[in-house]
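The values are calculated or read from the model by the stated rules, or taken from the named source; none is laboratory data. Quick caveat: nothing in here was measured; it's all calculated off a predicted structure. Ideal geometry is used to build each Cβ from the backbone, glycine not excepted, and the neighbour counts take in all protein chains shown. The protein model used for the area step is the full one, side chains on, heavy atoms only, and it has no ligands, DNA or RNA in it. Shrake-Rupley method; radii C 1.70, N 1.55, O 1.52, S 1.80 Å.
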Amino acid sequence: MSVLLAGVAAYTVLFTLLVSTAEHLSRPAALAGALAAHRILPAPAALAAVAIAGEAVLAGAGIVALLRPGGEGLLVGALAGSAALLALYAGYGLLVRSTGRARPCGCSRVELPMTGWVVARAAVLAGLALVALSLSDSIVALNRADAALAVVLLASATFTALLWHLPAAMYDPATAPAGRPTTGRSLGTTEKGLPG
């Protein structure tokens, strides 16, 4: 059981960091623009670049560690760094929400406000990174092609997709408080609400 839990936790965190990196690289100005709109941190463009690079390095290091025999130390470092980064994201999300300036979160190409679901996703992922870190000796490596790895990868891909889309799925523009986006335009629809 610990093999399944450790593997799913680790791969879900690493896959989510990969997805996040890809989303940020596809629209690099989104995160910097969101940080500037929050008006909390200085040098939003530089901090956005550091965050994106951090996600890429942590995901890459974790995957390299899982491909190489003897990569346990690198994996532990990647998981510890992921837990710290994701906990920072959750804390920053809480801070932004406490200011009442729940502008776009900047976490993907889709322009969503910084909702509690964005914060919850970061907190859950930080928790998963800690679970994986505590069970790091039980994580199924990528160089082991068997049924256990297949189950772990399928479950992780499912949880990654669910967690990644959670904030968008739970956001209802019709019930958004004033000052937040209220049209579906940022969610890929036209002003008339038709798919764009």
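All but one of (1) aliphatic (A, V, I, L, M); (2) within 15 Å of the chain's Cα centre (by Cα); (3) buried (at least 20 other Cβ atoms within 10 Å of the Cβ) hold for Val110; which doesn't?
Failing condition for Val110: (3).
Yes/no per residue for (1) part of a helix (DSSP H, G or I); (2) touching a residue at least 60 places away in the same chain (Cβ under 8 Å); (3) over 15 Å from Cys107 (Cβ atoms):
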residue	(1), (2), (3)
Leu5	yes, yes, yes
Thr12	yes, yes, yes
Leu17	yes, yes, no
Ser20	yes, yes, no
Glu23	yes, yes, no
Pro42	no, no, yes
Ala46	yes, no, yes
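Given the criterion at pLDDT below 85 and more than 21 Å from the chain's Cα centre (by Cα), identify the matching residue among Gly188, Gly179. Give the derivation first.
Working: Gly188 fails: more than 21 Å from the chain's Cα centre (by Cα).
Only one candidate passes the filter, namely Gly179.
Of the residues Leu47, Leu41, Leu35, Leu25, which single one is open to solvent by less than 30 Å² (accessible area, probe 1.4 Å), hydrophobic (A, V, I, L, M, F, W, C) and farther than 30 Å from Ser138 by Cβ?
Numbers: Leu47 fails: open to solvent by less than 30 Å² (accessible area, probe 1.4 Å); Leu41 fails: open to solvent by less than 30 Å² (accessible area, probe 1.4 Å); Leu25 fails: open to solvent by less than 30 Å² (accessible area, probe 1.4 Å).
Exactly one residue qualifies, and that residue is Leu35.
Report yes if Gly70 is among the small types (Gly, Ala, Ser), part of a loop (DSSP other than H, G, I, E, B) and either open to solvent by 20 Å² or more (accessible area, probe 1.4 Å) or at pLDDT 95 or above (or both), otherwise no. Spell out how you get there, then give the answer.
Working: among the small types (Gly, Ala, Ser): yes; part of a loop (DSSP other than H, G, I, E, B): yes; either open to solvent by 20 Å² or more (accessible area, probe 1.4 Å) or at pLDDT 95 or above (or both): yes.
Against the criterion (among the small types (Gly, Ala, Ser), part of a loop (DSSP other than H, G, I, E, B) and either open to solvent by 20 Å² or more (accessible area, probe 1.4 Å) or at pLDDT 95 or above (or both)), Gly70 qualifies.
Check Ala90 against each of (1) among the hydrophobic types (A, V, I, L, M, F, W, C); (2) open to solvent by less than 50 Å² (accessible area, probe 1.4 Å); (3) modelled with pLDDT under 90 and name the one condition it does not meet.
(3)
In region 142-177, what residues are over 19 Å from Thr16 (Cβ atoms) and among the small types (Gly, Ala, Ser)? I'd like the intermediate steps shown before the answer.
Taking region 142-177 first, the residues over 19 Å from Thr16 (Cβ atoms) are 143-148, 150, 172-177.
Passing the criteria: Ala145, Ala147, Ala148, Ala150, Ala174, Ala176.
Regarding region 126-147, can at least one residue be identified that is open to solvent by 70 Å² or more (accessible area, probe 1.4 Å), under 13 Å from the mean Cα position of the chain (by Cα) and touching a residue at least 12 places away in the same chain (Cβ under 8 Å)?
Within region 126-147 (the criterion being open to solvent by 70 Å² or more (accessible area, probe 1.4 Å), under 13 Å from the mean Cα position of the chain (by Cα) and touching a residue at least 12 places away in the same chain (Cβ under 8 Å)), the answer is no, since none of the residues qualifies.
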